[in-house]
Amino acid sequence: MKMNTLKKITALLFALTVHSMLASAQFVSVEIKASGLTCSMCSNSIDKALRTLPFIKDVAAHLQTTSFTVTFNTDAPIQLEDMKDKIEGAGFFVAGMTATYHFNNQKITNDSHISIEKNDYHFVDVSEQILNGDVAFKVMDKGYMLAKEYKKYKKKSSIPCIKNSTSCSPTAGTKTYHVTL
Amino acid sequence: MKYLASVLLFVFFHFSGFAQELFPMTEPASNMATDALGLRLGTNNYQSNNFKIKSQLKSEVMYGINARWMIHFNGYFSDFYSKAILFQGVGTYFKYRFLSMDSEHRHTRMAAFGRITYNPTKNYTTDLNIEGAQSGAAVGLVITQLLHKLALSVTLNETKAFSSTGINPENSFNYNLSAGYLIYPKKYTNYKQTNCNLYVEAMGKSITSNPENNFAAGASLDIVPSIQFIFNSQTRLDISYKRSIYNTIVYNAHQSIMVKVEHNIFNAFRNRK
């Protein structure tokens, strides 16, 4: 009996180790800070709005800081814009959005584009490096930070598509997010 | 009364915390969440000259159409002008938020609103109240400012009554100043915490009529302190005391007590998962 339990635990530990080693590239979580609210009823309305998105598994609210940690269902494609739209629909704004993504040896250079779940992610203000494991990146687009912060950021950016608000998507019709580490 | 107002203002300026803008007497410039449904029931009670308690009942269904637009539907009942409680009409209210400047712990928002009501009963009153006394319409503006510890809101509106009994006033200009302060919890940890907010609102009214109608002109200023409880971040209870501090409108209630309950249902129709 004891031997059986031990075998089961060993098998489980082995499976977990293998799983973590082979973990596929995917979103782990997204941290969203909302602006323009203080009351818990307002946070509740954001929480409930986010939960209507099919790819969201769970929302953990941090009421004191009006921020939310969102985790996902693995089978549905994740769209950051849909989360921003839900927060705006609840009557508030995104003050910051940081996504944690599990990378498998992904090489990035400054001003490089990579494709994640059919969307284009344009890495800006980064040094050349290889991303491995859970890495957090911050979205640097309009509507994903405070309006006055974005204005400042846009002004001093050396990346042409940010400076001039022009499209830089390598594939027509693909949504581009500008992100930094 | 003046003492209470001073204490409240002292509290607003000197203590830490977050201001609240769920004003009991007025609507803030902010709207409800998209697809949120709110159900409200409110009573306004005063003691008449013959010591009878007179009551008005206001039922309200509210809906967030999108981030910019929201709509209310009202039903009014009262025995203010009759022996028994009678149906005193229906109304609708729209609000459009056209300006939002948000940052951490502060925002400035502006909205425009309109109200239209229909009351089939002819009431002989020298007050102008399109919510339960006369049919009428109102248009107005609201600006709400959250300044870290202080929430302030100014509401201005022009009201016109449609039904005339000969003594009813026809127009009024209303101006409200509202302030709110959160006293509990000191620190938010979960949605189950009961919130307690204090408010003080000043409500001014100036009414005008045609020159041959001597009764129907005057001005009033009421001060309304309120305490509000929010349960489960979803249900709200407001208890308010209205006291007239200046009044030249004939037969206006000098003081009244108001109780309001509101329950919010998020993702009511469209966004159920």
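Every number here is computed from the coordinates shown, using simple stated rules; none is lab data. Given the structure is predicted, the values throughout are model-derived calculations rather than measurements. So basically every Cβ, Gly included, is an ideal-geometry build from the backbone, and we count neighbours across all protein chains shown.
Worth a mention:
- Candidate cross-link partners of residue B:52 among the lysines, defined by an alpha-carbon separation under 27 Å and a same-chain spacing of 8 or more, comprise B:83, B:122, B:205, B:242, B:260.
- Given their separation in residues at 0.36 nm each and the Cα-Cα distance between them, residue A:135 and residue A:110 gain 7.4 nm when the chain is fully extended.
- Positive-end extreme of charge dipole, the range B:2-265 - chosen from B:196, B:110, B:239 (charges on Cβ): B:196
- With a 10 Å cut-off around each Cβ of A:42-52, the average count of Cβ atoms from other chains is 6.
- Averaged over the residues of A:61-69, the number of partner chain Cβ atoms lying within 10 Å of the residue Cβ comes to 3.
- Taking the charge dipole of chain A about its Cα centre, with +1 at Lys and Arg Cβ atoms and -1 at Asp and Glu Cβ atoms, the residue from A:103, A:46, A:83 reaching farthest to the positive side is A:46.
- Separation between Cα centres of the range B:41-71 and the range A:129-158, rounded to whole Å: 47
- Computing FRET efficiency as 1/(1 + (r/R0)^6) for residue B:53 and residue B:137, where r is the C-beta to C-beta distance and R0 is 45 Å, gives about 0.90.
- Inter-label distance, residue A:75 to residue A:26: 1.1 nm, where each label sits 7 Å from its Cα along the C-beta direction.
- 5 Å-binned pair-distance histogram of the range B:2-265 (Cα, whole percent): 1, 6, 12, 16, 21, 18, 12, 8, 4, 2, 0, 0, 0
- Partner chain coverage, peptide B:187-193 - average Cβ within 10 angstrom: 4
- Within straight-line reach of residue B:186, meaning a Cα separation under 16 Å, sit the following lysines at least 8 residues removed in sequence or on another chain: B:149.
- Theoretical FRET efficiency, 1/(1+(r/R0)^6), r = Cβ-Cβ of residue A:172 and residue B:104, R0 35 Å, to 0.05: 0.40
- Across every pair of non-identical alpha carbons in the protein assembly as shown, the mean reciprocal distance, once inverted, gives a Kirkwood radius of 25.1 Å.
- Spin-label model distance (nm) - residue A:126 vs residue A:7, 7 Å beyond Cα toward Cβ: 4.6
- Estimated [θ] at 222 nm from DSSP helical runs (n ≥ 4, -39500 (n - 2.57)) normalised by residues in chain B, nearest 500: -1500 deg cm²/dmol
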